[in-house]
Amino acid sequence: VIYNRLKAGMPLGIDATIRYGLDVPGTESLTTAALRSTSPYNTRLRPGLPPTPIANPGLASIKAAANPARNVDYLYYVRKPGSLAHYFTASEGDFLRKVCEYGYACD
């Protein structure tokens with residue numbers, strides 16, 4: 001997703017970067033104000049990578065970044081409730097349906 005979004009010139013849209021920049025714990029929901037923040041770590045609004053790393057990655061993360069999945073067109077992902085697993089898709093509509101289905105936000 002990250003490589004595909006960078007290649008497409010899309011904002012990364014990674015909530016973890018917003019949490020890092022505003023010091024919001026993962027146990028708290030992000031507010032509308034946080035999502036609109038002008039923080040340089042708001043990758044929903046700012047294209048490209050944040051100004052610094054947001055964590056100290058483990059070896060598995062470094063290996064994954066050095067060897068990204070090939071021939072995938074994913075642009076969106078959402079964490080599955082009660083899990084560390086994620087749902088990946090290339091479709092914004094599919095992503096929004098899953099977000100709602102998982103109970104994160106429905107408009």
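Exactly one residue among LEU75, LEU22 is within 13 Å of the chain's Cα centre (by Cα) and not β-branched (Val, Ile, Thr), and that residue is LEU75.
Just one of (1) assigned to a helix (DSSP H, G or I); (2) touching a helix residue (DSSP H, G or I) at 6+ places or on another chain (Cβ under 8 Å); (3) among the charged types (D, E, K, R) fails for LYS98. It is (2). For SER91, the conditions (1) over 13 Å from the mean Cα position of the chain (by Cα); (2) exposed (fewer than 13 other Cβ atoms within 10 Å of the Cβ) are fulfilled apart from (2).
Coordinate-derived values only; no laboratory data. The structure presented is a predicted model; accordingly, all values stated were derived computationally and were not measured. Virtual Cβ from ideal backbone geometry, glycine too; neighbours counted across all protein chains shown.
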